[in-house]
Structure formats: C-alpha cells, structure tokens
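As structure tokens, the structure follows; a few thoughts come after it.
The values are calculated or read from the model by the stated rules, or taken from the named source; none is laboratory data. Only a predicted model underlies this, so the values are computations on that prediction, with no experimental measurement involved. No Cβ is skipped: glycine too gets one built from the backbone with ideal geometry, and neighbour counts run over all protein chains shown. Side chains are part of the model used for accessible areas, which takes the heavy atoms of the whole protein and leaves out ligands, DNA and RNA. Shrake-Rupley method; radii C 1.70, N 1.55, O 1.52, S 1.80 Å.
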Amino acid sequence: MAIATNLGFPRLGANRELKQAVESYWAGKVTEESLLRTGAIIRRDNWLVQQKAGIDHVPSNDFSLYDQVLDTTAMLGAVPERYGHESGLVSLETYFAMARGTIGDDEIPSVPAMDMTKWFDTNYHYIVPELEIGMKFKLSSTKVVDEFIEARDMGVATRPVLLGPVTYLLLSKTNDPKQDPLAMLESILPVYEIVLKQLAAEGAEWVQIDEPMLGMDLDDRKRSAFGLSFARLSSATSSLKLLAAIYFSDLRDNLRTALALQVAGIHIDLVRGVEQLDEMMAKLPANMVLSLGLVDGRNIWKTDLTKATDLATKAVSTLSSDRVMIGPSCSLLHCPVDLNLEVGLDSQMRSWMAFAKQKVREIAVIAAVAGTRGIGAEALLAENAAAMKSRRESSLIHNPLVEARTAALTEEMHVRTSPYEERRALQRQSFKLPDFPTTTIGSFPQTPAIRKARVSLRKGSMTATAYQKFLKKEIETVVRFQEEIGLDVLVHGEAERNDMVEYFGEQLEGYMSTTNGWVQSFGTRAVKPPIIFGDISRPKPMTVTWAAYAQSLTEKPVKGMLTGPITMLEWSFVRDDQPRRDTCRQLALAIRDEVLDLEKSGIRMIQVDEPALREGLPLHQADWVDYLAWAVECFKLSVAGVTDRTQIHTHMCYADFNDIIESIGEMDADVISLEASRSGMELLSAFGEYQYPNQIGPGVYDIHSPRQPSSEEMKDLICKALEVLRADQLWVNPDCGLKTQSWAQARASLANMVDAAKSLR
Ligand code: GLN
Ligand code: ZN
C-alpha cells in the first residue's frame, strides 16, 4: 500500500459558490466576514471529501480567493508601490486591488491591475508578480499557517502547498528589464523559511513546494537556482519533509538537477511523461520518496486503473511502499468538481468519466492496491476495466466514415488551387474593395436581450421559431448598422453564439457539453469546456442560415465566421485515446465541410479564427516543429477546398507572434487580422522582417478598453503599420470581436475607425 496524496483541489466550490461570494463582496452586497465564511465552508468541504475518499496527504493552502500566485505575492509582501501598501498584513482591499485595479474617485486616482497571463499551457491565468528594485520582502500574510491550523482543528492533517520561490521568480517581471528576477532569490528565501518554521511548529509533517518551472527548458544558471533554493529551505527546519512537485512536463535535461535536490520527495507528472519513471526509480537517492502523478489532473477521463496500478506496483516493488506516493499529475484545479452533479448525461458516457471528486477516489484506490495485485479491490478494478473496454469499443466513439476520410487525405486537399498572387488578382476583380478596406472581427455586442433569448429558448419559454425570428432581427440590425456606418466588409454579428467553441461543439458529432463542468479560468471567472469524446463529424450546416440571411440583406460582401480546428481543440477537453493531431484533423474536416457549404450558399469571404494557435505551442521548444507542422496542416485542410475567388481570412489575438511568424506565413490565408493596438503595432515588425506577403489587418483599437480612441489616433497607428507593411496589404479593423462592448462603444469606435480609413485613402 502506497501513500495516497493530492496536489490541489478545485476551489470555486461545486456550484461556484466562491464566485458568487467574491462578486457579491465586490459589489458591496456582502461583508468581508461573510466572504471569508464562504471560503472556510468550501475549504472544509474539500478537505472532508478528500479525507473521506482515502487521501493520506490532503493539501491545504491550495485554496485561494483569487489566485495562488497572487497569494504568494501577498505572502512575500511584494506589493507594487502604486497600491500604497505600507507594512503589516496585506489587506483584502489591497489584494483585490492588485487583481483588478481600482476605479478611483474625485480624490483618489484609479490604479490599474497587475498583468495576468496564462499558467504554463493551461487555460488558467495567474497574476504576474511585479518586482521592483529595492523591494523589501517581509512575511505579510498568515494564510498558509492559518489554513493549516484550520484544517488541523477539524481533524485533517494537511500538507500545505507553497508555490516555490524559483518558479515564482521565473514567472515574474521586474520594473527594470535589465534586472533579472532570479537575483532576488536570496531576498525572498527568508520569508519562505519563516513560513516553514511556523508550519513545523504547528505540527506539519510534509510541505509541498510546487516548482513546475523545473520541467521547462532551462539554462544552467536557472537550474542551479533550484539546488540553492531547496538547500536553504530544507535547512530551515529539521522536522519538515519537503516534496518538490514538478508537473505539466517530463524532466528531460533537468532530471539530474531534480535528483540532487535536498528534499524528502519528488513528484513527477507521469501523464505527460511516463517514460521518465524507470530512470527516476533507478537513480532515486535512498532517502527520497517518489510521488507518481498517475491520475490526469487536466482532463475528465477515468484513469485506466489496470495500467495505473501496474505502474504503482512496479514502483512499490522497486522502492518499497513507504517510498511511493500516488497522486494526480498536477493540481486538480484544472478539472471540474463533481461528475455526480451532471444531469442528463448518457450513462455509458458517464461511466468513462471522472471529475475531481471521482479522481481523488481513484488515487486512493491505486494507492491501496499498489503492490497487492489488486487483492481486496477486485470488483472495483473489474468495473473500471469494463468501463475502459466499453469506451475503447463504443460505436459512440468510433465512426468508420470519419476514420476512412482521414485515412484518405491527400496533399492536394491542403493547398489552394493557385498561389496567393493569382488569387489576389481574381479577388480584387470580384470584390472591388477600396484601399484600406474596413471590417470587424465577427461578433457584435452580446446584449442582455440576446442572452435572455438564449436562456428562454433553453428553458422552453421561447419556441425555436420565435428564437429564429429574434436572431434574424438581430442580424438585420447589425447589417443595417454596418452599412450605415460605412464598413466595407460586413459580418452577421454572431448573436447566436454563446461561445465560439461551445456553439460549434453543440452541433458536431463526437462532442458533448456538460451542465456543471466549470473550470477556473482566472479569479472568479470559470469556463465550461466542451468535451471531445469521439470521432468528429458535422451532420449538417452550422452557420449557413445566418450568414446567408445576412448576405441576402446587403450588396456588400458578408464574411462568414468559423472557429478553426486548433482553437476548437485547445479550448475543449480532448480525447486521450488518440494523438491530438488526429483529433485536430477530424475537426479540420468538419470545418472544411462548413466552409464549402458557406461558399456554395454565396458567401465569398470566410474567416476561420485561430486565436489559440500560439498557446497550443508545446512547453519544450524541441516539440514546436512537430506541433506547428500539424497545426498549419490542419488549418489549411479546413480552408483549402474553396475556389481562388473565395477569400479566406483568419484572426489571432493576445499573443506574441514573433516566434511563429513562419507558420503564420505557411497558413497562406488571404487576409489575417491581428490584435496589435496595445503594443502600438510593435508586433508587426515580425511581419515586416519576414516580408509577409498576404494581406493583414492589424487591430487599430483595443476592444477591452472603455476608452474610445479618436480617428486621429487610429490613423497614426495605421501610419505606423505602413512603416513596415505595404499600403496594398493593409486592412483596417478592431483588435478582436466586439461581443463584450456596449453598442454605444462599438458605434463610436467603429465610426472613428471608418473615418480614419477614409482619410488615409
Ligand atoms: N470571431 C470571434 C469574435 O469576433 C473571434 C474571437 C476571438 O478572437 N477570441 O468574437
Ligand atoms: Zn480575437
């Protein structure tokens, strides 16, 4: 029997209670005390669930009111000056000010929030620490110890989780770009040492130090920082055992560094790198425990217990049971809470899935039967094996037609008939657009009325016919508005879409949605990714009615609007029984069908959005080439079936495109629109240097900002773009879709934008 552990549990609550509480607190509707009480209830429930499931090492301090990186910032007292924190504990007010900024009033100016960015390759976003030269670090939060005591007092001996100092620093930025955050390691370690001492004094046995950065590509200097850091931390107290937790990746070149750490145990992610297990076991120092991340913390599938217990048994017989821990690959933060809350789920499909609550149970079972050949758990293992078999063989998953289609793909299906220059000439003839053509990225404001209609349809209080009529009216409004304001290429506005992935997921075979499968995206925000469970196909057109209706209302070209295969893949839970590339190909074929139907219905411009292309990049650079090759291939497969006269657009945003510019070139879209205004067009330099040949629409205003830039400002931005791009390449458009804007904002900004383009002509 091995030790059952968990690295972290979802913290918004099974019904997103924390979201409710925090947002009510922000709105001034509940007191701080009431908010903290909600937090305590969620923590208690989570601890008890895990204890009851049989977890030996239940985590604490995995809870957060907003973000665990921000919690670490508060712990260190690393509050940027603009928030006016003086000394003492970081107040809740300061904490949320860092997360969201403050509005300000007549007397106090508003203060912007700290930056937010993606947590490794997940869809979770953390608050980026901002380190200032000369910053004094001082223990400024009692959270870690408080929550340990809170659990202890209810009879749960927890393993506190701390974000490790090296990962913390490597994820931060400094106010002086010449300053290296790692140089501050010596200054933050004393705070960690105090916390560890306090935990030891309160009776903690193990502390989990999360250092996912140790799984990334590192130079020697960064590598050695981990050795130094753990040497200091482990000498802070003699009674604590430290577990270095590395996840999201295999260790590769850092394996020796990890094995040389002064720690009592190492956690590795075997979902992302099962190959490292043998070497780890062979080289593990005799005084170290190995924690096996066997249960996927990033997906919703049941663990194959036969496979997992085989690995666990192997580890137990190699290392002995007291040196083996069983856990999830990473914190369960990235999966939904409870499968039992799903209503209306097909029972067979339910038998294939596990959310956080079910996963902790799996962990306990694996730990219990490790080394016992499953004695005592025969029934459980048999049930799991039956579920695995049913999933492997189910006709819900395997569609021979789809499999035949992907097997028959040809080179030709991935390339447009003629090269760009020839297409360009034909398209010029047929569209006769002015210079600097204006357009938008697709969505128009999602008004309360639109949301209400969608809810009414779902609840049955609005008939499908009435809903269709409602949408047609919306489309008409959007089309008339665009004509009136003088845009050159129109869109239908995407009023029918709740979300750019879920909308398509709902209509594709092989996809399903959950009712309560929420996963924290940032702060109080959660997303409900749809699940790709089987072979993907498109039974019937998904957007043609709306696009064609919009086109019937106007002489101007209406651009059809689709989500691309890579973005569909990235923003869904995916199958784990075939490579991502294969799933992406199936998605590409489904979208190809839609592209061709749009073309057939008279839509002559089609935009296939790929905002997630950049974020799909693997964590190790060595794996980029392979990913980019299949990602580009899938995009091309989805669009290349159209005739030369049909213009293909794509759109990307909120990413740094420098390192993937060649792949963007290979995608060979006739037009690409990009978010660019925040960086003042700087990102275009990559396109200039690469001599990007096709057309490009760098966004001229930030759709997230409440401020409406003047047409002069937009004109200046276009002029800046003209420094690196040719005039005949340029389109004029906003940074991204307008769905989060109000009509008043959209109206004002678009009018200025059209003005700017006209004056340039
Ligand atoms: N077409 C989408 C929209 O306008 C694109 C959104 C995105 O880039 N995330 O909303
Ligand atoms: Zn966008």
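For the chain, report the accessible area per residue in Å² (1.4 Å probe, heavy atoms, rounded to an integer).
Using a 1.4 Å probe on heavy atoms only, each residue of the chain averages 40 Å².
Set Lys and Arg Cβ to +1 and Asp and Glu Cβ to -1, take the dipole of the range 1-106 about its Cα centre, and tell me which of L48, L65, V30 lies farthest positive.
Positive-end residue among those listed: L48.
Restricting to DSSP H runs of at least four residues, report the calculated mean residue ellipticity at 222 nm for the chain, -39500 (n - 2.57) per run over all residues, nearest 500 deg cm²/dmol.
Here the helix-only value at 222 nm equals -13000 deg cm²/dmol.
Percent of accessible area on the chain owned by carbon and sulfur, 1.4 Å probe?
Carbon plus sulfur share of accessible area: 52 percent.
What does the charge dipole of the chain about its Cα centre add up to, to the nearest 20 debye, if the Cβ of each Lys and Arg holds +1 and the Cβ of each Asp and Glu holds -1?
Once rounded to the nearest 20, the dipole reads 1660 debye.
May I have the extent of the alpha carbons of the range 28-158 along their three principal axes, as whole Å values ordered from largest to smallest?
Principal extents (Cα only, largest first): 52, 35, 30 Å.
Nearest 10 degrees, 0 to 90: what angle lies between the long axis of helix 711-722 and the longest principal axis of the chain (Cα atoms)?
Taking Cα atoms only, the helix is inclined about 80 degrees.
Starting from 0.36 nm per residue, how many nanometres of slack lie between D623 and R707 once their C-alpha separation is accounted for?
26.2 nm
Under a point-charge model restricted to the Cβ atoms of Lys and Arg (+1) and Asp and Glu (-1), what is the dipole moment magnitude of the range 440-568 relative to its Cα centre, in debye to the nearest 20?
Here the size comes out at about 480 debye.
In debye to the nearest 20, how big a dipole does the range 233-386 give about its Cα centre with +1 on each Lys and Arg Cβ and -1 on each Asp and Glu Cβ?
My answer is approximately 320 debye.
For the chain, with the dipole built from +1 on Lys and Arg beta-carbon atoms and -1 on Asp and Glu ones, taken about the Cα centre, which of S759, M561, N516 lies farthest toward the positive end?
Checked the options; the winner is N516.
Could you work out how far the C-alpha centroid of the range 491-511 sits from that of the range 86-123, in angstrom?
Here the answer is 34 Å between Cα centres.
Within the set of other residues whose C-beta is less than 14 Å from the C-beta of D210, count the net charge using Lys and Arg as +1 and Asp and Glu as -1.
Net local charge, D210 excluded: -4.
If one takes the longest principal axis of the Cα atoms in the chain, at what angle in degrees, from 0 to 90 and to the nearest 10, does the Cα axis of helix 220-236 lie?
It is inclined by approximately 40 degrees.
If amide H atoms are built 1.01 Å from N in the plane of the peptide, which residues on other chains or at least 5 residues away come under 5 Å of the amide H of A245?
Amide H neighbours of A245: I209, D210, E211, H267.
For the chain, take the longest principal axis of its alpha carbons; what is the angle in degrees between that and the long axis of helix 420-431, to the nearest 10 within 0 to 90?
Tilt of helix 420-431: around 50 degrees.
Taking R0 as 56 Å, what's the FRET efficiency between L722 and I375 from their Cβ-Cβ distance, rounded to 0.05?
Step by step, r from the Cβ atoms, then E = 0.15.
Between E205 and S224, what length in nm is gained on full extension when 0.36 nm per residue of separation is reduced by their alpha carbon distance?
Result for the pair: 4.2 nm of gain on full extension.
Counting pairwise Cα distances across the chain, what percent come out greater than 35 angstrom?
50 percent
Under 26 Å Cα to Cα from K241, which lysines show up? Leave out anything in the same chain fewer than 8 places away.
K52, K138, K143, K197, K222, K283, K314, K359
Starting from the 7 Å offset along Cα-to-Cβ, what nm value, one decimal, do you get for the label separation of T554 and S24?
4.4 nm
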